[in-house]
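These notes concern the structure reproduced below.
The values are calculated or read from the model by the stated rules, or taken from the named source; none is laboratory data. Keep in mind that what you see is a predicted model, and the values were worked out from it rather than measured. When we count neighbours, we look across all protein chains shown, and the Cβ atoms used for this are built from the backbone with ideal geometry, even at glycine.
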Amino acid sequence: MKKIISSFLLLFASLVICSNQLIAGGTGSLRGFVTDSTNGEYIIYANVVVQGTSSGSPTDTRGYYFIPAIPVGKQTIIISHINYKTKYIVVDIKENKITRLDVILSPKNIELQGVNVIGRNETKPTEVNLGLEKISIKELEMIPSGAEPDVFRALQTMSGVTTTGDVTSKYYVRGGGGDQNLVLFNGATIYNPFHAMGIFSVIDPEMISTVEFYKGGFNADYGGRISSILNIVTKDGNKNSYHATGSASLLSGKLAFEGPIPYGSFIVTGRKSYFSEILKKYLNDQSAPFDFYDISFKVNYGNPNILQNGKFILYGFASGDAVKNNDPLLEDYTVKNNILGMTWNQVWSSPLFSVINLSYSGYRAELLPNLSDAKARMNKLDDITADFDFTYVYENKDEMDFGLQNKFLNIKLRQENLYNSITDFNQSGWDLTGFINYRFYRWDKLGVELGMRSKFLALSQGRPFIFEPRINVTYRPIPLLAVKASVGRYSQEVTTLTTENDIISLFEPWIIIPNGVGAPEASELSLGLEAYLTSQLELDLTGYYKYITNLLESNQTRYALDANEFMNVNGKSYGLEFSTKFQNDLLYLKTNYSLGWAYKMYGDVRYYPRYDIRHSVNILAGINLGKGWEANATWSLRSGMPFTPIAGFYDRMPIDNVWSNYIFETYKAVVYWGEINSARLPYYHRLDLSLARKFKIYLADVSLEASILNVYNRKNIFYFDRDTGKKVYMLPFFPSVSLKVEL
């Protein structure tokens, strides 16, 4: 391994040094921002191309683009996006100079826009992005929402992503556990991204600008998790005028307000539940006394008189959930998230872009037993993060990202056992990591990214390997076909304490990997094909293999008091993912199929987790009916989840049933369980439909949606009750309506 790492570092350094050779004179550069004419929001993934050349660049999540090595003289620049009118602008490029060009695009007419979502990127055919899914708010709106629109429900329709039931929006990626997914809100970590104890996410779609979802193969910029990265970028707010939006569903009400400020803009959103009884549909008609809220805001400020080409962002987020039974004999739960952060984006005089992000993320969960038999538990986490990221673009079109990431964690866990003994589990640590990515974009058919994360300080004593190399490659032999590959190592030093026996987990405490056990690490290899059969039809095929070491599990063989409470197990996952996408002005159709295996190993024993689902099919369709009408449908089919069957029963006489000198011979039936997750539930399938209409009432834009989940009322088994063996079903036939008004 040391020889492999040394060879990689030597190759990396040699290539980066050679890459400093600039193209000879006769060229200049172009950079700027692309914004929406109606609200001033930055347009993400717009294509900026120099006409008649291969030079071009997409805008990033900040609406920024940079194009080097443009021939000097007058050049026609083409700026396009699938949802906006294309613009042609003539620019005079100066030799060895950087020309600034900010562009404002006008949206297409809404009738023509139809159900279009993000188009493919034309300007960087060799972009190394295997495993990356880019999701717009339009695609989120196409999912029939039921109780609430939800970004996590949209993730569950993607290939390689599974879920364990309708009752939860938790997702599992390529055979990894739920705590192996990192969720970022403008760069800050959300540790509990779920409302109503997992039924849907805390992220209000009204706040979202775009979503970047890495199913694997993520580059060295990202770390801390071994399965996936979900990067949520929020809106900046309308820079041209003030707007207010109100919406209501059967579960909650939402308000949003946005508008301009001197040299910037702001947006504030809030959501509050008011009728939790609707959640009975998700919980097999059981009472659901949930109460939740979330509030988010973002303020942007960029005064060129103070700092040229710089922008400051202040953002915040808070959410709270409570299970209030209003019964002293039942336990209550509370969960809270709090985030406050500041970002400084700076475009420097050289082709250098920097992002400095400082954030605080707090999480607190508590179980209040009241007079019930439950035991008190509390988990509190404080995360202080400082990230320094830089991007440099060379004249030969290559790019280099480098930076330093700091994270300080303090975690407290208090638990009470069956004998009323209280255990305090207090941890703190500092993670200091450096990273570098070098992307070779100098070639027309080949793109290569070499990356490395290096961990200088670790949170846990059982720290992962100090180096995490990442390699991503894209080869495009012809314009309509791309072959992609990625390989990398990933590590994780925080985890949640959950067990396979928990069907619904109301309390999932976070901890730093404790002493005496190793931190989880993963090595993943992915290969993919991407083909564009026509301008409207796209095909993707990806295969992956992932080997995981040092997964944390409770020590089931612990008998001695001095034995470790935890143990390490290994895991493997591998599979194939296939997807097709067709879109035009009238129809959007996307199909996803996944074939996957996931299992864990302890010694010679192999067992499957609940999220090991062999086959999964998801079909998403949207039709523009004209005059503001739109119809959407999703259909899901997947093979059954593993479960532990009952092998039999036996009678047991409790030894504490003693009165005076006599023992009452009473017996209790006890379940004798079979091998863990050795049986599987029947196949699952479900159809959801929605019909939406957009129209105007005076100055208000109104959206009205009616949806039906589980249209043909399929009885999908969720689990078998452990005491009675009775079948518990998932979500039944469920109609709902929602209304949105924007002023």
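Taken together, the criteria place THR234 among residues that are surrounded by fewer than 23 Cβ atoms within 10 Å (Cβ to Cβ) and over 25 Å from LYS572 (Cβ atoms).
Within segment 693-735, being surrounded by fewer than 18 Cβ atoms within 10 Å (Cβ to Cβ), within 28 Å of the chain's Cα centre (by Cα) and either of a type in the set (Gly, Ala, Ser) or closer than 18 Å to LEU625 by Cα (or both) holds for LEU704, ALA706. Being of a type in the set (Ser, Thr, Tyr), more than 20 Å from PRO509 (Cα to Cα) and in a loop (DSSP other than H, G, I, E, B) is a property that SER169 lacks. So, LEU541, is that one without any contact (Cβ under 8 Å) to a residue 60 or more places away in the chain and touching a Leu at 6+ places or on another chain (Cβ under 7 Å) or not? Yes: the conditions hold for LEU541. Condition check: more than 28 Å from SER201 (Cβ to Cβ) and surrounded by 17 or more Cβ atoms within 10 Å (Cβ to Cβ). Does VAL347 satisfy that? When the stated conditions are applied, VAL347 passes them. Scanning segment 56-69 for residues that are among the polar types (S, T, N, Q) and either in contact with a helix residue (DSSP H, G or I) (Cβ under 7 Å, 6 or more places away or on another chain) or more than 14 Å from GLU399 (Cα to Cα) (or both) yields a count of 2.
Restricting attention to segment 308-323, the residues that are β-branched (Val, Ile, Thr) and within 22 Å of the chain's Cα centre (by Cα) add up to 1. Checked against the criterion of being outside the structural domain of LEU140 (by TED's automatic domain parsing), at pLDDT 90 or above and out of contact with any Gly (no Cβ under 8 Å at 6 or more places or on another chain), the candidates LEU561, LEU552, LEU595, LEU525 yield just one match: LEU525. If you go through segment 491-518 and pick out every residue that is at pLDDT below 70 and under 20 Å from LYS336 (Cβ atoms), you end up with 2. Residues in segment 176-196 that are touching a Phe, Trp or Tyr at 6+ places or on another chain (Cβ under 7 Å) and farther than 23 Å from TYR360 by Cα: ALA196 only.
Evaluated against (1) out of contact with any strand residue (DSSP E or B) (no Cβ under 6 Å at 6 or more places or on another chain); (2) farther than 24 Å from ASP382 by Cα; (3) modelled with pLDDT of 70 or more, LYS170 falls short on exactly one condition, (2).
Do we have ASN303 as surrounded by fewer than 20 Cβ atoms within 10 Å (Cβ to Cβ) and under 29 Å from the mean Cα position of the chain (by Cα) here? Spelling it out, it is not the case that ASN303 is surrounded by fewer than 20 Cβ atoms within 10 Å (Cβ to Cβ) and under 29 Å from the mean Cα position of the chain (by Cα). Scanning segment 458-501 for residues that are in contact with an Asp or Glu (Cβ under 6 Å, 6 or more places away or on another chain) and over 16 Å from GLY216 (Cα atoms) gives LEU459, SER460, PRO464, ALA482, THR495, THR496, THR498. Taking the numbered list (1) modelled with pLDDT under 90; (2) under 30 Å from ASP585 (Cα atoms); (3) crowded, with 20+ Cβ neighbours inside 10 Å in turn, GLN536 passes all entries but (3). The criterion of at least 3 residues that are among the aliphatic types (A, V, I, L, M) is met, among strands (runs of 3 or more DSSP E) falling completely within segment 512-617, by 521-532, 537-554, 566-583, 587-602.
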